[in-house]
Amino acid sequence: MINLILFGPPGSGKGTQADTLVERYGLLHISTGDLFRYNLKNNTPLGAEAKTYIDKGELVPDSITINMLRQKVEENPDVKGYIFDGFPRTIAQSEALDQLLESHGGAVDLLLMLDVPDAEITQRLMKRAETSGRKDDQDPEIIKNRLVVYKEETYPVFEYYLAKAVKVWGVGTLAAVQSRLSLELDRIAE
Ligand code: AMP
């Protein structure tokens, strides 16, 4: 069982890289951002609750996010492991994840952080806005807020998992970044 946290600021390429890692290692990709967007699209009560936060580039409250994540993990117990993408984003979420994995006899094995400079992030998100249709990618002020939230609330998660964390340079071709990530994952994926 491998439990990987794919970490990094919004727009650092977590989702794109996760899709390729899934194929290579047979892990289940869980993106809390994608789960929220699925709920938004389907007008569920959870989507309605999350919308006000997502539209402003704020974090959805921990209790809502943790319950949603727990449900997704518990619906898929027989997998080779998980790639957590966009979760955990707070220390409380990290503690909840540790407890959840522990209750299944596991733990976080590795946190890979995609290191991408702010200027590149802003450019990527503005470009993604042209095709993603994501409201939170369209507005430079919301992007700025997401980066502030990342630094203040989410970066501490990197320090929380420091003993299991590796920073990987996230700039370059998809394949180049992928091979940097795989190199680290291969070390633990015996
Ligand atoms: P993402 O697709 O990961 O960039 O997430 C889009 C938005 O969903 C974020 O800006 C938050 O509003 C919300 N979100 C996603 N994951 C989390 C999380 N782990 N905790 C709180 N809010 C989240």
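The values are calculated or read from the model by the stated rules, or taken from the named source; none is laboratory data. What you see is a predicted model, and the numbers here were worked out from it, not measured in a lab. All Cβ positions, even for glycine, are placed from backbone atoms using ideal geometry, and neighbour counts span all protein chains on display.
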> If you check L59 against the conditions, is it crowded, with 17+ Cβ neighbours inside 10 Å, more than 16 Å from the ligand (Cβ to nearest atom) and not basic (K, R)?
Replying inline: no
> Given the conditions (1) out of contact with any helix residue (DSSP H, G or I) (no Cβ under 7 Å at 6 or more places or on another chain); (2) under 25 Å from R180 (Cβ atoms); (3) at pLDDT below 95, which single one is not true for T131?
Replying inline: (2)
>> Which count do you get for residues in the range 10-38 that are in a helix (DSSP H, G or I), within 14 Å of the ligand (Cβ to nearest atom) and under 19 Å from P88 (Cβ atoms)?
In response: 10
> From the list A107, A96, which residue is outside any helix (DSSP H, G or I) and of a type outside the set (S, T, N, Q)?
Replying inline: A107
> Do you know which of the residues in the range 62-74 that are near the ligand (Cβ under 9 Å from one of its atoms) and of a type in the set (V, I, T) is surrounded by the fewest Cβ atoms within 10 Å (Cβ to Cβ)?
Replying inline: I64
> Does Y150 meet the test of being at pLDDT 95 or above, of a type in the set (F, W, Y) and under 27 Å from K41 (Cβ atoms)?
Replying inline: yes
>> I want to confirm something. Restricting to the range 82-93 and keeping residues that are in contact (Cβ under 8 Å) with a residue 40 or more places away in the chain and not in a loop (DSSP other than H, G, I, E, B), which single residue is surrounded by the fewest Cβ atoms within 10 Å (Cβ to Cβ)?
In response: I91
>> Among the numbered criteria (1) at negative phi; (2) surrounded by 12 or more Cβ atoms within 10 Å (Cβ to Cβ), which one does E102 miss?
In response: (2)
>> Looking at (1) within 14 Å of the ligand (Cβ to nearest atom); (2) touching a residue at least 40 places away in the same chain (Cβ under 8 Å); (3) within 20 Å of V166 (Cα to Cα); (4) not hydroxyl-bearing (S, T, Y), which one does A107 not meet, given that it meets all the others?
In response: (1)
>> Here's a check for you: in the range 24-55, which residue that is β-branched (V, I, T) and without any contact (Cβ under 8 Å) to a residue 24 or more places away in the chain is surrounded by the fewest Cβ atoms within 10 Å (Cβ to Cβ)?
In response: T52
> In the range 67-102, what count of residues is obtained for those that are more than 23 Å from A189 (Cβ to Cβ) and among the hydroxyl-bearing types (S, T, Y)?
Replying inline: 1
